[in-house]
Amino acid sequence: MEELVVLVDEKDNKIGLMPKMEAHEKALLHRAFSVFVFNKKGELMLQQRAAHKYHSPLLWTNTCCSHQRDGETNLEAGKRRLQEEMGFTTDLKEVFSFKYKAPFDNGLTEHEFDHVMIGYFDDVPNINKDEAEAYKWMSLEKVKEDIEQNPAIYTAWFKIIFKESYEKLSNA
């Protein structure tokens, strides 16, 4: 069964449901979330997307991100997906939300009302190889420098979110 996304208006009010691929093909605004997990040193856990992903394979991105299911809260969705992708759970806190649009070379477009959450974890994740190829910890300053020097190795949405959230994450 194809995953459904929650279509929303400009104020994040639900206006319907649609299959994920169709929403991305039509570039329709839908609800999403992005999780940023930090360790005690203040480093961010980055995920390298699995090689077989239909877009952005092997690119680096935030700890995890996905779409809320119908009736699922942002925090429930973040915790669920963190477990599914990275093999652990932790308490999450929503820090802000914003809208963005990122077209891809394959004709799909991410047009999302994104809820950004943070959490803390100091252990080794048990990554799901169907979702993630690898992970690494980096300071926000190093991530910022690396995005400037090597933008092609990061997902389009992560570059947008990181630029939008750098100050907010630095003070979180």
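Distance from the alpha carbon centroid of the range 1-29 to that of the range 71-149 works out to 19 angstrom. When the charge dipole of the range 1-44 is built from unit charges on Cβ atoms (+1 for Lys and Arg, -1 for Asp and Glu) and taken about the Cα centre, the candidate among 19, 34, 5 whose Cα reaches farthest toward its positive end is 34.
In order along the range 56-72, the phi-based Karplus estimate (6.51 cos²θ - 1.76 cosθ + 1.60, θ = phi - 60°) of 3J(HN,Hα) comes to 6, x, 6, 8, 8, 8, 5, 3, 6, 7, 5, 10, 5, 7, 4, x, 8 Hz; Gly and Pro are listed as x.
Tally the DSSP beta bridges in the chain and give the antiparallel ones as a percent, rounded to 5. Please report the intermediate quantities before stating the final value.
Values: 30 of 40 bridges.
Among the beta bridges of the chain, antiparallel pairing accounts for roughly 75 percent.
Over the chain, what is the relative contact order in whole percent, taking alpha-carbon pairs under 8 Å and six or more residues apart?
Across the chain, relative contact order equals 26 percent.
For the chain, the orientation-averaged shadow of the C-alpha convex hull comes to 9.3 nm² (one quarter of the hull surface).
Accessible surface of the chain, 1.4 Å probe: 49 percent of it comes from carbon and sulfur atoms. Each Lys and Arg Cβ is given +1 and each Asp and Glu Cβ -1; about its Cα centre, the chain then shows a dipole of about 200 debye. How would you classify the range 93-172 from its alpha-carbon gyration tensor, with a ≥ b ≥ c the square roots of the eigenvalues: rounded for a/c under 1.5, else prolate if a/b is greater than b/c, otherwise oblate? It comes out rounded by the Cα gyration axes.
Equivalent-ellipsoid semi-axes for the range 6-103 (Cα gyration tensor, √(5λ), whole Å, largest first): 23, 17, 12.
Please list, or write none, the lysines whose alpha carbon is within less than 30 Å of the alpha carbon of residue 14, excluding same-chain residues fewer than 8 places away. Within the straight-line limit of under 30 Å, residue 14 reaches these lysines: 26, 53, 79, 93, 99, 101, 159, 163, 168. Hydrophobic, long helices, defined as DSSP H runs whose alpha-carbon span along the helix axis is 24 Å or greater and whose mean Kyte-Doolittle value is at least -0.5, do not occur in the chain.
The values are calculated or read from the model by the stated rules, or taken from the named source; none is laboratory data. Because the structure is predicted, anything quoted here is derived from the model rather than measured. Please note: Cβ atoms are built from the backbone with ideal geometry, for glycine as well, and neighbour counts cover all protein chains shown. Ligands, DNA and RNA are excluded from the accessible area calculation, which covers all protein heavy atoms including side chains. Shrake-Rupley method; radii C 1.70, N 1.55, O 1.52, S 1.80 Å.
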